[in-house]
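Read-outs: derived from the displayed coordinates by stated rules, not from any lab. Since the structure is predicted, the reported quantities are computational estimates derived from the model, not experimental observations. Cβ atoms come from the backbone with ideal geometry, glycine included; neighbour counts cover every protein chain shown.
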Amino acid sequence: MFEAAEPEQQEFVAGEVGCVLHMAPATAMSRVGTALAICAQPRLLTGLDHGQLSVGQARALLDEIGHLDAEHATAVLEAVLGDNPETELEATPGELRSAVKRAIIVHDPKLAKKRHEAAKRTAGVYGRPLPDGMGQVVIDCTAVQMATALAAIEGRAAAMSFAPDPEAGEELTVGQRRVAAFLHALGCERTAVQAVLECPVERAVDVHATAHARSGPSGCRCRSRSPSACPTTQRS
């Protein structure tokens, strides 16, 4: 229908599809966009036609190759799916995503590096409000920076002691402890939770003064000459 329509009429195809399938306009537009994107990848279409791929697998592959040019995308799909479309894939969508990421780098490492350098320039920190009075702090950074930040948050949370939530009267979950540790590292004031680093010196200083303190023995500010005298070192 899309290919048969005149260029000025193609924008109405999603509306026709929505009417036939009883979909909302936005849903129909998304479905048509996905269908057109898959049709633009003959290897994906062949895999679906022969039962090699499920719709979920095809969508996962499409998400990962969407930023590639046609030649690069075709080469990556052939490397991941093989030459025989009759062979059913047992990989999960997540496993296929990982395989595509590896194939992209192997096929053209220079281009992959170029895209990475371009993506680094979009790094930033954003806020995203959520329902129920929640919110997210979204950080776009490199994979190495992400792993480093997560390890630092986990390390700081492990080196801290937490009082029960005064409102709920319950112990904090692992996730809540990590959030508290993250905010503590930023120097944010504590509101609903109490958290102190397990080090005699850190207990005595203001929360804002500990914002730059690293967790673990290497970052402990306890000046005890004996490592065994510092609770942080003992726990580590």
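Results, tabulated for the structure shown:
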read-out: Efficiency of FRET from Cβ geometry, Glu16 and Ser54, R₀ 25 Å, rounded to 0.05; value: 0.40
read-out: Where labels lie 7 Å past Cα in the beta-carbon direction, separation of Tyr126 and Glu154 in nm; value: 2.6
read-out: Under Karplus coefficients 6.51, -1.76 and 1.60, residue-wise ³J(HN,Hα) of segment 106-119 in Hz, glycine/proline x; value: 5, 5, 8, x, 5, 5, 4, 5, 5, 5, 5, 5, 5, 5
read-out: 3J(HN,Hα) from dihedral phi, segment 68-85, Karplus parametrisation 6.51/-1.76/1.60, rounded to Hz, x for glycine, proline; value: 8, 6, 4, 5, 5, 5, 4, 5, 5, 4, 5, 5, 7, 8, x, 8, 9, x
read-out: Neighbour-count ranking [beta-carbon atoms within 10 angstrom, fewest first] of His72, His184; value: His72, His184
read-out: Environment charge at Pro109 (Cβ cut-off 13 Å; Lys +1, Arg +1, Asp -1, Glu -1); value: +4
read-out: Ala37 paired with Met1, simple spin-label distance in nm, labels 7 Å along Cα-to-beta-carbon; value: 2.0
read-out: Signed unit charges on C-beta, dipole axis of segment 7-120, positive-most listed residue Ala14, Ala75, Leu45; value: Ala75
read-out: About the Cα centre, charge dipole magnitude for segment 140-188 (Lys/Arg +1, Asp/Glu -1 at Cβ), debye; value: 220
read-out: Ranking of Asp83, Asp49, Asp140, Asp165 by count of other Cβ atoms within 10 Å, fewest first; value: Asp83, Asp49, Asp140, Asp165
read-out: Order of Thr173, Thr87 - criterion: other Cβ atoms within 10 Å of each residue's Cβ, fewest first; value: Thr173, Thr87
read-out: Test item: Cα-centred dipole of segment 1-88, Lys/Arg +1 and Asp/Glu -1 on Cβ, debye; value: 320
read-out: Distribution of pairwise C-alpha distances over segment 49-100, 5 Å bins, in %; value: 4, 22, 33, 29, 12, 1
read-out: Full-stretch length increase - Ala91, Leu45 - with 0.36 nm per residue and alpha-carbon distance subtracted; value: 14.8 nm
read-out: FRET E, pair Ser30, Val179, Förster distance 30 Å, beta-carbon r, rounded to 0.05; value: 0.35
